[in-house]
1. Looking at this structure, is Asn283 under 18 Å from His197 (Cβ atoms), at pLDDT below 95, polar (S, T, N, Q) and surrounded by fewer than 17 Cβ atoms within 10 Å (Cβ to Cβ)?
2. If I ask for residues that are closer than 15 Å to Asp10 by Cβ and modelled with pLDDT of 95 or more, which ones from the range 22-44 would you list?
3. Within the range 241-268, which residues are within 14 Å of Gly151 (Cα to Cα) and of a type in the set (Val, Ile, Thr)?
4. So which residues in the range 1-31 are more than 14 Å from His197 (Cβ to Cβ), among the charged types (D, E, K, R) and touching a strand residue (DSSP E or B) at 6+ places or on another chain (Cβ under 6 Å), if there are any at all?
5. Taking Val134 as meeting all but one of (1) closer than 30 Å to Gly201 by Cβ; (2) β-branched (Val, Ile, Thr); (3) touching a Leu at 6+ places or on another chain (Cβ under 8 Å), write down the number of the exception.
6. Examine the range 118-129 for a residue that is in contact with a Leu (Cβ under 7 Å, 6 or more places away or on another chain) and farther than 30 Å from Tyr198 by Cα, and state whether such a residue exists.
7. Starting from the range 183-206, take each residue that is at positive phi and in the same structural domain as Thr223 (by TED's automatic domain parsing) and list its partners that are buried (at least 20 other Cβ atoms within 10 Å of the Cβ) and assigned to a loop (DSSP other than H, G, I, E, B), counting only C-beta distances under 6 angstrom and pairs at least six apart or across chains.
Amino acid sequence: MQQAARTKIDAGGVSFVVQHELWDGNLQDHSDQGVVILVEANDTTLLRFNCFDIEKSYVYGPDSKNRLCRMDPTVDGNPIMWSVKQIRENLTTMLTEAGYEDVAGSVNMDEVKGALGEVEACARETYANGRNTVKHNRGHDIFEAGNIRFGLELRKQAGGDGGLAIHVLADLAGTPGRTYCEETELLAFDCFRDAPHYHYGPRNKNHRIFWDRTLVPDTLEWTLNRFKNKDLKNMIERAGYPGIAADIDQDLIDSIMPSLEAKARELQPGAEVEVMDGPATPNLVPR
């Protein structure tokens, strides 16, 4: 789990901690990211509010009873707003339920309410500005397929891991060929040797899933099968681009697959290659 810097706000005998977290599929519970609001006292986390893209929940006593409850986004609305409202109206009751009656009895709610504006503003700013996104290179071998294109790139990370990356790209704004046309990466498949993973919307949601190598020993084969088995439409929609997904032309994708697959297998280093030759290939923008 990647965790950004914590902002701590003390008020009324407790502390509120706001932080951004990035969860990776198969490393954490699921792929997600967003803001966490913690209520702490005496070096103990008493309550936790998960205000993520997908995970919208709260936890009584994460360091003790660890009872998780779900928000209902259909009726509860924005999770940050909802969490701050519960703290304002129900903090002492929630602390008691979490097993911290002594803290609940000593909280100064006037001071807490006075600090919640700062807590909410910090949470909203962190949600907007703390999001982990990445801008990869587009690849050096490009295969056009209607409204999308595939870019193949042999990547090497600074730590030595690397392998073939397949980028799924589309023009989202402007007319192709014009200077203001914006090419965006919709999906990325990093078929690396040590930590292979793929991204939904690297520049948008950036939800990452690390393959389970026990069930997916050949990540390139798995990736190519997604293209062949008509999974791209649903994956692009999940990445946050339903308009692009609606215009996918599977016949065009099928027509380029033989040449794309041949080039991908030519580029992908064998499992016996421990360290790829050459310098690291950094992202265009690191996050």
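The values are calculated or read from the model by the stated rules, or taken from the named source; none is laboratory data. Quick caveat, the model's predicted, so the values are computed rather than measured. For neighbour counting, all protein chains shown are included, and Cβ atoms are generated from backbone atoms with ideal geometry for every residue, glycine included.
1. Answer is yes for this residue.
2. Once the filter is applied, which keeps residues that are closer than 15 Å to Asp10 by Cβ and modelled with pLDDT of 95 or more, the range 22-44 yields Ile37, Leu38, Val39, Glu40, Ala41, Thr44.
3. Matches in the range 241-268: Ile253, Ile256.
4. Arg6, Lys8, Glu21
5. Here Val134 meets the rest and fails (3).
6. No; the residues of the range 118-129 include none that is in contact with a Leu (Cβ under 7 Å, 6 or more places away or on another chain) and farther than 30 Å from Tyr198 by Cα.
7. Listed by first residue and then by second, the contacts come to Gly201/Ala239.
Yes/no per residue for (1) over 19 Å from Gly130 (Cα atoms); (2) in the same structural domain as Arg213 (by TED's automatic domain parsing); (3) among the hydroxyl-bearing types (Ser, Thr, Tyr):
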{"position": "Trp23", "(1), (2), (3)": "no, no, no"}
{"position": "Ser31", "(1), (2), (3)": "no, no, yes"}
{"position": "Leu38", "(1), (2), (3)": "no, no, no"}
{"position": "Cys51", "(1), (2), (3)": "no, no, no"}
{"position": "Ser57", "(1), (2), (3)": "yes, no, yes"}
{"position": "Arg67", "(1), (2), (3)": "yes, no, no"}
{"position": "Asp72", "(1), (2), (3)": "yes, no, no"}
{"position": "Asp76", "(1), (2), (3)": "yes, no, no"}
{"position": "Lys85", "(1), (2), (3)": "yes, no, no"}
